[in-house]
Amino acid sequence: MSWIGGEFIINDMKEKTLKEVYSSISSAVRHNADLEEFPYMGTDIMKIKPFHKGKIYDSQEEASKALSESYASWAKEYNVAAAFYDTSAAKETKHIKTLKERLEKEHQKLNDYVKKNDCKNFKAKLITCPKCESKINKKYILRNMCPLCKHDLRSKTVIETTQRYQNNIQKLSDEIHQENLKQKEKLPVRYLVGYCEYIG
Ligand SMILES: [Zn+2]
């Protein structure tokens, strides 16, 4: 018993649009199924039903999260379409522009900091893991992790500073999202289709 699943974004729930989605899902199924054994696979796609009809999620991410959280309640029974506000269509106000610039800078700072403080830049060729005390050749260290005990080899300061940059990035992204949502009334509503189909 194998199934395939995925997500699509569509602009509306018109019959014509849904027809196209059914046909896309059908191709995905037929592409993945053994058509010699199951020649009719993909000819009967499960109906797409509105997910929590009337509810419009605040973003594509939230719609996607809601679909996956209740996956067990719909998947393999029927397919779903969750409505969401397309925040990517929001007009870039002065305030949003400033926030985006700050976000960009924060990303840059984080990247520079991470690069600069990577274990690979330590002068010594061998690094001693403070946890398991192994002496490790730098070339075997990936993502600052001890290859033997998985201990994070970065200093407490580096870990905390990195975390601070990441928090700033999260905060700015949330702020941008909230600003975009202020234009809710004018934002287009799109639909996230979630599907799960039997392929034999
Ligand atoms: Zn170790």
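The values are calculated or read from the model by the stated rules, or taken from the named source; none is laboratory data. As the structure is a prediction and not an experimental result, all values here were calculated from the model. With ideal geometry, Cβ positions are generated from the backbone for all residues, glycine too; neighbour counts draw on all protein chains shown.
Here are a few things to note about the model shown:
- Which numbered condition I159 misses (of (1) in a helix (DSSP H, G or I); (2) away from the ligand (no atom under 16 Å from the Cβ); (3) at pLDDT 95 or above): (2)
- Condition met for E179 (surrounded by 12 or more Cβ atoms within 10 Å (Cβ to Cβ), at pLDDT 95 or above and of a type in the set (D, E, K, R)): yes
- Filter result (more than 14 Å from the ligand (Cβ to nearest atom) and more than 22 Å from L110 (Cα to Cα)) within the stretch 139-156: K139
- Inside the stretch 143-175, residues that are under 18 Å from K120 (Cβ atoms), of a type in the set (S, T, N, Q) and surrounded by 16 or more Cβ atoms within 10 Å (Cβ to Cβ) make up a count of 3.
- Counted residues, the stretch 13-41 - those being in a helix (DSSP H, G or I) and of a type in the set (D, E, K, R): 5
- Any hit, the stretch 108-123, residues being assigned by TED's automatic domain parsing to the domain that holds H151 and touching a His at 6+ places or on another chain (Cβ under 9 Å): no
- Among the residues of the stretch 125-135, at least one is away from the ligand (no atom under 16 Å from the Cβ) and not assigned by TED's automatic domain parsing to the domain that holds I9.
- Exactly one residue out of Y195, Y113 is assigned to a helix (DSSP H, G or I), hydroxyl-bearing (S, T, Y), more than 16 Å from the ligand (Cβ to nearest atom) and in contact with a helix residue (DSSP H, G or I) (Cβ under 9 Å, 6 or more places away or on another chain): that is Y113.
- Residues located in the stretch 109-142, provided they are closer than 16 Å to T162 by Cβ, surrounded by 11 or more Cβ atoms within 10 Å (Cβ to Cβ) and free of Cβ contacts under 8 Å to residues at least 24 places away in the same chain: N111, D112, K120
- Of the residues making up the stretch 33-61, those that are surrounded by 16 or more Cβ atoms within 10 Å (Cβ to Cβ) and among the polar types (S, T, N, Q) number 2.
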